[in-house]
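All remarks here apply to the structure that follows.
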Amino acid sequence: MLFQKVSIIGFGLIGSSLARAIRKHGMAEEIVCVDRSVDVCKKAVKLKLCDKADTDLRKGVDGADLVVLAVPVGACGTVAEQIRYSLKEGAIVTDVGSVKGAVVNAVQPHIPDKAHFIPAHPIAGTEHSGPEAGFAELFEGRWCIITPLPDSDIQKVEKVTQLWEGCGSVIEIMDVKRHDLVLGITSHLPHLIAYTIVGTATDLEEDTQDDVIKFSASGFRDFTRIAASDPVMWRDVFLNNREAVLEILQRFTEDLTAMQRAIRKEDGDYLQAMFTRTRDIRRKVIEAGQAGDASPTQASEAAQPSGDRQKASGSAG
Ligand code: NAP
């Protein structure tokens, strides 16, 4: 057994999927569901996803050797503050947040000297939320980025690595800042664009909107899948990765303006050269084994490591 007692705070898509994977691969003696919602706790017990469930965060983490923060990134700091005096000696606290810098800043000050905070981010997800949406195979063949802090205990980093490897993930160790920049362009910007395009459609007159839905297969529908991702989770992602997203958005806006100018000036050479370059990126994505096979039921942030380890598909934040 990798852990005696694992307490997962926030038993939604990611938290409940992790519980399922831990159980499936026999990685813990005891799994505790900790969620502020009585309803979620009842569902977790009914679905036999945990041994115990508690709405009291302090009681829920009592005696746990691993505590996983699986709440929206904006809630991680408050949750860490609530559990700080209940953590046992040597406990590992980790998270699954889609943003790392803001989570580290919010959580680390609440981690007592006797415990260890090892931030992580599984790049796996769907547009669905809640404990029923989870499944044990979600992380199989997916990247999990671990962003240890400069003074992180190597043995504890190794434990978190073993946890995610045990779930079938492939590990990448990355610096917090780099994580936020890379995910800003690969995940956060595409979500922002999808939310905006689909938002534009919601403002169209009813008959035009009907036709947009009717002919959505011509490209629009892929954006609707991404734009169906959890509103609270994504609100928190943009508010907590502000700096990186604004920087990338600035560059994107400049490129969009250049496109606009090329179309207005009927500069076909510019457009063709740009579209040729983008084709090349697609080729590289395929060669890197990242093309995936995202099904219509799965959205957002799911990057896959290359090779034959690709199993689940979808998106993640
Ligand atoms: P989710 O399905 O909405 O689950 C979140 C759970 O946390 C819900 O049960 C929610 O309860 C609970 N919660 C919220 N605030 C809380 C608080 N202050 N105290 C205790 N519980 C609280 O969300 P998710 O998709 O699993 O996302 C969880 C985390 O995973 C986020 O940090 C996200 O960035 C990260 N992540 C998501 C994806 C993805 O694609 N979905 C991928 C990778 C990482 P209520 O229902 O009462 O609000």
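Can you find, within region 15-57, the residue that is nearest to the ligand (Cβ to nearest atom) among those that are of a type in the set (A, V, I, L, M, F, W, C), in a helix (DSSP H, G or I) and farther than 14 Å from Leu163 by Cα? Let's see the steps before the verdict.
Let us first name the residues in region 15-57 that are of a type in the set (A, V, I, L, M, F, W, C), namely 18-19, 21-22, 27-28, 31-34, 38, 40-41, 44-45, 47, 49-50, 53, 57.
Subsequent filtering for residues that are in a helix (DSSP H, G or I) retains 18-19, 21-22, 38, 40-41, 44-45, 57.
When the remaining residues are screened for being farther than 14 Å from Leu163 by Cα, the result is 38, 40-41, 44-45, 57.
Details: Val38: 10, Val40: 5, Cys41: 9, Ala44: 9, Val45: 14, Leu57: 7 Å.
Among those residues, the one meeting the criterion is Val40.
Evaluate the following for Ala106: is it open to solvent by 20 Å² or more (accessible area, probe 1.4 Å), touching a helix residue (DSSP H, G or I) at 6+ places or on another chain (Cβ under 7 Å), more than 10 Å from the ligand (Cβ to nearest atom) and closer than 23 Å to Phe139 by Cβ?
Values: open to solvent by 20 Å² or more (accessible area, probe 1.4 Å): yes; touching a helix residue (DSSP H, G or I) at 6+ places or on another chain (Cβ under 7 Å): yes; more than 10 Å from the ligand (Cβ to nearest atom): yes; closer than 23 Å to Phe139 by Cβ: no.
No, not satisfied.
Pick from Val71, Val40, Val45, Val32: which is in contact with a Ser or Thr (Cβ under 6 Å, 6 or more places away or on another chain) and either in the same structural domain as Gly130 (by TED's automatic domain parsing) or crowded, with 24+ Cβ neighbours inside 10 Å (or both)?
Details: Val71 fails: in contact with a Ser or Thr (Cβ under 6 Å, 6 or more places away or on another chain); Val40 fails: in contact with a Ser or Thr (Cβ under 6 Å, 6 or more places away or on another chain); Val45 fails: in contact with a Ser or Thr (Cβ under 6 Å, 6 or more places away or on another chain).
Residue meeting the stated conditions: Val32.
Residue check: is Gln304 surrounded by 10 or more Cβ atoms within 10 Å (Cβ to Cβ), touching a Gly at 6+ places or on another chain (Cβ under 6 Å) and either part of a loop (DSSP other than H, G, I, E, B) or at pLDDT below 95 (or both)?
Values: surrounded by 10 or more Cβ atoms within 10 Å (Cβ to Cβ): yes; touching a Gly at 6+ places or on another chain (Cβ under 6 Å): yes; either part of a loop (DSSP other than H, G, I, E, B) or at pLDDT below 95 (or both): yes.
Yes, satisfied.
Select, from His128, His121, the only residue that is open to solvent by 40 Å² or more (accessible area, probe 1.4 Å), within 14 Å of the ligand (Cβ to nearest atom) and either in the same structural domain as Ala70 (by TED's automatic domain parsing) or assigned to a strand (DSSP E or B) (or both).
When all the criteria are applied, what remains is His128.
Every residue, every condition in (1) hydrophobic (A, V, I, L, M, F, W, C); (2) outside the structural domain of Val40 (by TED's automatic domain parsing); (3) near the ligand (Cβ under 10 Å from one of its atoms); (4) at negative phi, yes or no:
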{"position": "Gly77", "(1), (2), (3), (4)": "no, no, yes, yes"}
{"position": "Ile111", "(1), (2), (3), (4)": "yes, no, no, yes"}
{"position": "His116", "(1), (2), (3), (4)": "no, no, no, yes"}
{"position": "Ser152", "(1), (2), (3), (4)": "no, no, no, yes"}
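The values are calculated or read from the model by the stated rules, or taken from the named source; none is laboratory data. The structure presented is a predicted model; accordingly, all values stated were derived computationally and were not measured. Every residue, glycine among them, receives a Cβ derived from its backbone with ideal geometry; neighbour counts consider all protein chains shown. Please note that ligands, DNA and RNA were not included when accessible areas were found on the heavy atoms of the full protein model with its side chains. Shrake-Rupley method; radii C 1.70, N 1.55, O 1.52, S 1.80 Å.
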